[in-house]
Amino acid sequence: MQSELEIQAVIGFTGKIIQGLVLHPDNEHVIYPLGSTIVVRHIITRQQTFLRGHDNQISVITVSRTGDYVASGQKTYMGFQADIIIWDFKDRSMIHRLKLHKVLIQSLSFSYNELYLASLGGIDDKNMLIVWDIKAGKALYGTPNRDPVNQVQFYNQSDEKMIAVLNTGVQILTIDRLNKKIQSVDVNFGNVKRTFTCVAIDKNDKFCYCGTKTGDVFEIQMDMAIYKRLAPVKKLFSQGVNCLGLLQNGDIIVGAGDGMIAKVSFQTMQIVASSELLGGVTSVSFTNDQTHFFAGTVQSNIYWLDTEKLIPELRNTCHYERINDVAFPHNYSDVFATSSLNDIRVWNAKNRQELLRIQVPNLECWAVAFMNDGKSIVSGWSDGKIRAFLPQSGRLLYVINDAHIHGCTSLTCTSDCQRIISGGSEGEVRVWEIGKQTQVMKSSMKEHRGRVWSIQVRRNNEQAVSASADGSCIIWDLKSFTRVMCLFESTLFKMVLYHPEESQLLTTGSDRKITYWETFDGQAIRMLDGSEEGEVNALAITKEGEHFVSGGEDKEVKLWGYDEGICYFKGQGHSGTITRITISPDQRTIISVGAEGAIFIWKMPESVINSKAQQELPTVQSVKKQNDIQQQSQQQQLQQSVPKDAQSQKSNQNAKSVKSGTKSSKK
């Protein structure tokens, strides 16, 4: 029976979801999605709790007026149902799982008295609008729409009226309980045509404001269903309006696609204050007193701003694109580094804060590693260069130009910190000697015909093994720079590991198999089914070699027993392919990184830690056994060194005693 891996913490925020960052009405918690997990984080203590129930990427999230309920919807594959889950915030538990929509949940909204939940499907669901009874968890009313609908929002003072934002217009919807229908009235825009994106309703339900892709904001009088004014007067917002928020005095907070956040005056409809944020603004969530608010961006940054001057303060950062590699320093578990598009980031493993960001614009970092002495961070980039940086300041230490033709895809360092072994996308494996002032290529070994995905070095620095997409793993002699052995399999190898005893190898790849190999003769000993769905990309093994971890396209982190070949623990949370996995040097945490830009920190199960402790305890007994064996061998040596006469006397005495024993037995 497989147990569930416990998430210790996550680093990440899916910033592309419109209004995905929500400040809870208690003003103490921030709620946001990360992959298929909802993260509830305390603002002051930074303690995280998780709501887990979705099996695919979350597409929308909303919180009720009192904060008792949280609702979330997901995105699935074509033809499959997309789930809506209503959560109890206090108990952090699931209340209802609602299934009617297909493929995508576009928008969710709670009614004023928290009696109903309105949900909106995507284009594949015929833009279906369904109103649910929250207590019973049943669908009450439903209606499809011809035009694509982007958002639905309940009025602030009514349980029966909603506004639907269509691509081509805006509709005011009313629930007709007698006829069990949803009646609609189109807002009159005259000759003006826009593509509408979002809506914000004032507290008295008199006016609402709709953002457009053109970059302007419409003011609509709701009782007359007619538009009144346009804002801003002169300058449009670049790349469209993504989200809107309303202050108590009527002023509008606008989040634009180019990263601008602005305050538009209710009276003059002109921009009063503005700031530039990193990435297009997708979320705005106010405190109860509306003096400050949180803003989330496409580049997964979370900002804290005041509502008067809009001065931004960066509160949280994370990767927003695929993470390619993750690495710990040698025997140090408090810090780790990740590599992604444009940058390398160094993280504090305890409080999950970003310590250092090393940026190289318009390039992708494919591999990252720490030198064993901790004096440099070595990285391989898509332009074929190997760059080394100082770990505290991030200053460039040296560059190896033209290390590989079409990018350096993997690298590792020897334990004496004098050599780097790198692999390229053309299949070459190169050894570099690192001096104080120079970096010299000692050898270029060209036997692979595909991308080198992984390289591992033995502890004595005499041999290395490389795994390639051409279906071969080659063990290299680092003294003569020749091939020692080659392992062939009909797969694209993605990862290779030495067992800590270095008598066996562990490989995985596109055939979904995890294979054990003998390093002596290169024979495959055992093959395990690493996944049922997709290829396995990542492996990591514990120091004792009793357990190993795998991950890949099935988005699951699996903890295996090495000798048994059985998966004991499984962790779900990623919404993208898992690209790399590593185990902290203290063996207490597992870190997995994914294609969606998320970093998951998993707690190593107590049973695994206890088994390691039990293995360490018998070392005293084993020492005693060794001493006993040594004493026995010494006694045997003494006996062999005794003269033959003394030995014959002893044998005569033994014979006499045996005879006397037989006589006594006869009597």
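The values are calculated or read from the model by the stated rules, or taken from the named source; none is laboratory data. Note that the coordinates shown come from a computational prediction; the quantities given were computed from them, not determined experimentally. Here the Cβ is made from the backbone with ideal geometry for all residues, glycine too, and neighbour counts use every protein chain on show. Calculation scope for accessible area: heavy atoms of the full protein, side chains included, ligands and nucleic acids excluded. Shrake-Rupley method; radii C 1.70, N 1.55, O 1.52, S 1.80 Å.
What the table shows:
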{"quantity": "For the range 387-462, Kirkwood radius (reciprocal of mean inverse C-alpha pair distance, Å)", "calculated": "13.1"}
{"quantity": "Cα-based convex hull volume of the range 56-175 per residue, rounded to whole Å³", "calculated": "89"}
{"quantity": "Projected-area average for the range 502-567 over all orientations - Cα convex hull basis, square nanometres", "calculated": "4.1"}
{"quantity": "Filter on 494/570; 90/181; 16/90 - keep pairs with C-alpha separation over 23 Å", "calculated": "90/181; 16/90"}
{"quantity": "Label point distance in nm, residue 607-residue 564, each placed 7 Å from Cα along Cα→Cβ", "calculated": "0.6"}
{"quantity": "Label-point separation in nm, residue 27 to residue 481, each point 7 Å along Cα→Cβ", "calculated": "6.8"}
{"quantity": "Apportionment of accessible area to carbon and sulfur, the chain, percent (1.4 Å)", "calculated": "46"}
{"quantity": "Distance (nanometres) between label positions extended 7 Å along Cα→Cβ at residue 278 and residue 56", "calculated": "3.2"}
{"quantity": "Whole-number accessible area per residue in Å² for the chain, which is evaluated in the context of all protein chains at 1.4 Å", "calculated": "46"}
{"quantity": "Debye log10 I(q)/I(0) for the range 301-414, one point scatterer per Cα, at q = 0.11, 0.12, 0.16, 0.19 Å⁻¹", "calculated": "-0.38, -0.45, -0.73, -0.96"}
{"quantity": "Long-range Cα-Cα pairs in the range 148-270 (distance over 20 Å), rounded percent", "calculated": "39"}
{"quantity": "Size descriptor, Kirkwood hydrodynamic radius, that averages inverse alpha-carbon separations across the range 1-75, Å", "calculated": "13.0"}
{"quantity": "For the range 476-622, projected area of the alpha-carbon convex hull averaged over all directions, nm²", "calculated": "10.3"}
{"quantity": "Candidate aspartates and glutamates for bridging to residue 135, where Cα separation is under 13 Å - those fewer than 8 sequence places away on the same chain excluded", "calculated": "68, 88, 114"}
{"quantity": "Environment charge at residue 350 (Cβ cut-off 11 Å; Lys +1, Arg +1, Asp -1, Glu -1)", "calculated": "+1"}
{"quantity": "Greater than 18 Å apart at Cα, pairs in 375/442; 161/263; 350/603", "calculated": "375/442; 161/263"}
{"quantity": "Rounded tilt (10° steps) of 606-616 against the dominant C-alpha axis of the chain", "calculated": "20"}
{"quantity": "From the coordinates shown, log10 I(q)/I(0) by the Debye sum over Cα atoms at q = 0.08, 0.09, 0.11 Å⁻¹ corresponds to which of [x] -0.66, -0.84, -1.26; [y] -0.83, -0.96, -1.15; [z] -0.70, -0.84, -1.10", "calculated": "[z]"}
{"quantity": "Chain lengthening between residue 433 and residue 235 when straightened (0.36 nm per residue, less Cα-Cα)", "calculated": "65.5 nm"}
{"quantity": "13 Å tail of the calculated P(r), the range 326-379, as % of Cα pairs", "calculated": "57"}
{"quantity": "Highest average packing first - 425-431, 203-209, Cβ atoms within 10 Å", "calculated": "425-431, 203-209"}
{"quantity": "Principal-axis tilt of helix 619-641 within the chain, Cα atoms, nearest 10 degrees", "calculated": "10"}
{"quantity": "Spin-label proximity, residue 133 to the range 156-190 - amide N less than 14 Å from point 7 Å beyond Cα toward beta carbon", "calculated": "177-178, 180"}
{"quantity": "Cβ-derived FRET efficiency at R0 25 Å, residue 304 paired with residue 248, nearest 0.05", "calculated": "0.85"}
{"quantity": "Kirkwood hydrodynamic radius of the range 537-578, Cα pairs, Å", "calculated": "10.5"}
{"quantity": "Enclosed volume per residue, in Å³, of the convex hull spanned by Cα atoms of the range 117-163", "calculated": "73"}
{"quantity": "Estimated translational D of the range 238-326 in µm²/s (Stokes, Kirkwood radius over Cα pairs; 4 °C; 1.567 mPa s)", "calculated": "97"}
{"quantity": "Translational D in µm²/s for the range 161-208 (Stokes-Einstein at 10 °C, 1.306 mPa s, Kirkwood Rh from C-alpha pairs)", "calculated": "132"}
{"quantity": "Kirkwood Rh and Cα Rg combined as Rg over Rh, evaluated for the range 300-345", "calculated": "1.17"}
{"quantity": "Members of 102/206; 385/446; 126/193 lying beyond 26 Å, as alpha-carbon distances in this model show", "calculated": "102/206"}
{"quantity": "Cα-based Rg of the range 199-353 normalised by 2.2 N^0.38 Å, two decimals", "calculated": "1.27"}
{"quantity": "Shape parameters for the range 424-495, alpha-carbon atoms, Rg then Dmax in Å", "calculated": "12.4, 43"}
{"quantity": "Using a Förster distance of 30 Å, the FRET efficiency for residue 97-residue 145 (Cβ separation, nearest 0.05)", "calculated": "0.75"}
{"quantity": "Bins of 10 Å from zero: percent of alpha-carbon pairs in the range 426-563", "calculated": "12, 42, 32, 12, 2"}
{"quantity": "Two-site FRET efficiency, residue 390 against residue 521, from Cβ-Cβ distance with R₀ of 56 Å, rounded to 0.05", "calculated": "0.80"}
{"quantity": "Residues in the range 481-501 that a label on residue 447 would reach, taking backbone N under 20 Å of a point 7 Å out along Cα→Cβ", "calculated": "481-499"}
